[in-house]
1. Could you pull out the residue among Glu188, Glu173 that is in contact (Cβ under 8 Å) with a residue 12 or more places away in the chain, loosely packed, with under 14 Cβ neighbours inside 10 Å and within 19 Å of Lys214 (Cα to Cα)?
2. Which residues, counting only those in region 283-292, are over 19 Å from Asp164 (Cα atoms) and either surrounded by fewer than 20 Cβ atoms within 10 Å (Cβ to Cβ) or hydroxyl-bearing (Ser, Thr, Tyr) (or both)?
3. Is it the case that some residue within region 251-270 is crowded, with 17+ Cβ neighbours inside 10 Å, aliphatic (A, V, I, L, M) and closer than 30 Å to Gly91 by Cα?
4. For region 57-107, which positions are hydroxyl-bearing (Ser, Thr, Tyr), closer than 24 Å to Thr279 by Cα, assigned to a helix (DSSP H, G or I) and modelled with pLDDT of 90 or more?
5. What is the one condition in (1) free of Cβ contacts under 8 Å to residues at least 12 places away in the same chain; (2) under 18 Å from Leu129 (Cα atoms) that Lys178 does not satisfy?
6. Take Ile134 and decide whether it is closer than 26 Å to Leu267 by Cα, outside the structural domain of Asp196 (by TED's automatic domain parsing), in contact (Cβ under 8 Å) with a residue 12 or more places away in the chain and touching a Pro at 6+ places or on another chain (Cβ under 7 Å).
7. Can you confirm whether Arg24 is free of Cβ contacts under 8 Å to residues at least 40 places away in the same chain and in contact with a helix residue (DSSP H, G or I) (Cβ under 8 Å, 6 or more places away or on another chain)?
8. Go through region 91-106 and give me each residue that's under 13 Å from the mean Cα position of the chain (by Cα), within 20 Å of Asp164 (Cα to Cα) and of a type in the set (Val, Ile, Thr).
Amino acid sequence: MNLKQLQYFISIAESGSFSEASRRLYIAQPSLTRQIRQLEEHLGASLFERYSTGVTLTEAGKVFYDDVSRIFGQLETAREKVAQITEGTQGVLELGTTALHLRTQQISDALKHFRQQYPDIKLRVNAMLASNQIDYLFQRRLHAGIMYYPPESPLIESMTINQDRLVLVTHVESDLAKKPAQHLKDLEPYNFIWFDRSASEPFYDVVFSYFGEKGFQPSLLETGNTSATIMSLVSSDQGYTFMPEKVMEGLAEPVVYYSLEDLNIPLELKMVWLKGNRTQQINNLIDSIEVE
């Protein structure tokens, strides 16, 4: 028994005639008759009452017709689901990003637009460090991630979402808020709070290499594993930090931020995914982001 035989059976049952079904299916009637006989032999039952004017279903044929019709309906539903997943309009999309990027207007607008545009895709947003995003990508627990300076690897592909810059962040009542610094070297006397290197080694190394080129070595009072931890410490006036400017826009914290004349690190926010794993769901998410 195969799908072709089942299709032949349905066509004969619905047309009431071997000759009519033969015409619709573009198959010779003797071949069609032979296929149905093989099907009946396989089932051990006669499916049709045969008359000179046509055929009708036997009781066994009626039961078989109902079941086969349901199977074909399920097959069509399955085909449509596969097509929707291929087109990126259904399925699951696991996305990683840091918690603070979820507060930026660009990312929050993109996620809202994506959910409105593709309501049948289950978008799961996972707030995590860049290093964890990379681990999850390789474990295939994420489809895509959002981060600065992804590791250089032939197994990772990326595209730039926006261009940003680092700014100095300080409590609103601090010395550096009352008397803003102009250059990195002006910050030598102050204590800073920064990420632990394990959070994102490429980002950490780029920033501190740049500081070294400018002759600035920040005094690290404390390191935090997340942006939220660092911002909480700065908000309680326990130190200073640097943050991407777009992350700070509209942030309702007791802090101020400003740029320095010689703080010009190229900062590109990227969406990343494993090479060969850029699904249509990822393409649709990219389309939802207003790339700057």
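1. Working: Glu173 fails: within 19 Å of Lys214 (Cα to Cα).
On inspection, the qualifying residue turns out to be Glu188.
2. Let us first name the residues in region 283-292 that are over 19 Å from Asp164 (Cα atoms), namely 283-285, 287-288.
Once the filter is applied, which keeps residues that are over 19 Å from Asp164 (Cα atoms) and either surrounded by fewer than 20 Cβ atoms within 10 Å (Cβ to Cβ) or hydroxyl-bearing (Ser, Thr, Tyr) (or both), region 283-292 yields Asn283, Asn284, Asp287, Ser288.
3. Checked region 251-270: at least one residue is crowded, with 17+ Cβ neighbours inside 10 Å, aliphatic (A, V, I, L, M) and closer than 30 Å to Gly91 by Cα.
4. Listed by number, the list is empty, since nothing qualifies.
5. Just one mismatch for Lys178, condition (2).
6. yes
7. Spelling it out, Arg24 is indeed free of Cβ contacts under 8 Å to residues at least 40 places away in the same chain and in contact with a helix residue (DSSP H, G or I) (Cβ under 8 Å, 6 or more places away or on another chain).
8. Hit for region 91-106 is Thr97, nothing else.
The values are calculated or read from the model by the stated rules, or taken from the named source; none is laboratory data. Given the structure is predicted, the values throughout are model-derived calculations rather than measurements. FYI the Cβ positions are ideal-geometry reconstructions off the backbone, even for glycines, and counts take in every protein chain you see.
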